[in-house]
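Asker: Below you will find the structure I want to go over with you.
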Amino acid sequence: MARTRAQDKAAKKEDESAPPHTKVPKKRQEPEEESKESDEPPAKAPKKDKKPKNSKPKHEEQAKDDSKAKQATKGNPRGQMKDSAKGSDKIQKLLSTYGTLPLQDTALSDPTSPTPETIFAHLLNATLSSTRISHELAAKTVRTVIEAGYADLDTLEKSSWQERTEVLTEGGYTHYREKTATQLGELAELLREEYDGDLNNLLKQAKGSAGNDSSKMIEEVRQKVKKIKGIGNVAVDVFCDTVQGVWPELAPFIDPRSRKTADGIGLPTDVQELYEAVGKDPVEMCKLASALTVVRLDKKEGEFT
């Protein structure tokens, strides 16, 4: 049955006059499940870095860096100024400690000039130093042979096989004395027949064959020396190492074993680079080759690493 308007008003009045605890509470709406980020403020998008007012375009900065790099490596095409400086110090130490001129401690009258006696002494040194004996013993034998006058072709030609054997024995060259005594006699004959008693003529022939090609000329010298009986690759290397101090046409030269030593102690292995490091001086290059040989034979690498 429908309620009248008067009945609705009466019911409302009765409800308002009821005690508070008797009022029917209104149904509370359940909150929705909160999201995990509801307690945190929304993340803000990162701001883009603003360029400084005086910043330059990237290509200009790169150009500036390249310019600085060029300044730092000026005069050093490999860009290794520190390494180059250290290498220079090592070379100076090598020269001052072990860089003596070959044959300076012998009885040669003029070891710094390309006299026939001096050049022949370098060949004798190469022959005696390339055998399998200690370098100290080889050096002693070289001094003994030169003191006996065998760097002079006339004296060597007049010597007997027995005399040469005795000189070699005195020098301590006992293992190869008979064979070497024979080779010395043959060497004297070849020198007289092929080069008129003067090895400087060997260099002249090599120059004539090579023209202005220095590399070819050096190879010509090597091939001519190798034709001498008892001279192998090691002896040729020793000869070129030492004789460049008086035959500057052969400079620069560093034998393969000495280049390996240079690499082991942190020096360049390029011969031209080493030559520039000693001021393109053939005598200093000869001293450097000698120093590297001493370092290798005496195992002195630790002094430079």
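Asker: Give the long-range amide H neighbours of residue 197: residues separated by 5 or more places, or on another chain, with amide H under 5 Å away, using H modelled in the peptide plane at 1.01 Å from N.
Answerer: 192
Asker: When the Karplus curve 6.51 cos²θ - 1.76 cosθ + 1.60 is applied with θ = phi - 60°, which whole-Hz ³J(HN,Hα) does each residue of the stretch 177-188 get, with x for Gly and Pro?
Answerer: 5, 5, 4, 5, 4, 5, 4, 5, x, 5, 5, 4
Asker: Still on this model: Please rank 250, 190, 203, fewest neighbouring Cβ atoms within 10 Å first, as an exposure proxy. Numbers along the way, then the final one.
Answerer: Details: 250 24, 190 12, 203 21.
Starting with the residue having the fewest Cβ neighbours, the order is 190, 203, 250.
Asker: How big is the charge dipole of the stretch 108-243 about its Cα centre, in debye rounded to the nearest 20, if each Lys and Arg gets +1 on its Cβ and each Asp and Glu gets -1 on its Cβ? Before the final figure, lay out each step's value.
Answerer: Working: 16 positive and 22 negative charges, 97 e Å.
In debye, rounded to 20, the stretch 108-243 gives about 460.
Asker: In whole Hz, what ³J(HN,Hα) sequence does the stretch 292-300 give by Karplus (6.51, -1.76, 1.60; θ = phi - 60°), x for Gly and Pro?
Answerer: Each residue of the stretch 292-300 in turn: 5, 5, 5, 4, 5, 6, 8, 6, 9 Hz.
Asker: Let me ask you something else. Suppose each label sits 7 Å from its Cα in the direction of the beta carbon; what would the residue 272-residue 104 distance come out to in nanometres?
Answerer: The modelled label-to-label distance comes out at 3.0 nm.
Asker: Which one of 184, 165, 261 has its Cα pushed farthest toward the positive end of the charge dipole of the stretch 163-261, where Lys and Arg give +1 and Asp and Glu give -1 at the Cβ?
Answerer: Checked the options; the winner is 261.
Read-outs throughout are calculated quantities, based only on the coordinates presented, and are distinct from any laboratory measurement. Remember, predicted model here, so these are calculated numbers, not experimental data. Positions of Cβ are backbone-derived with ideal geometry, glycine not excepted, and every protein chain shown enters the neighbour counts.
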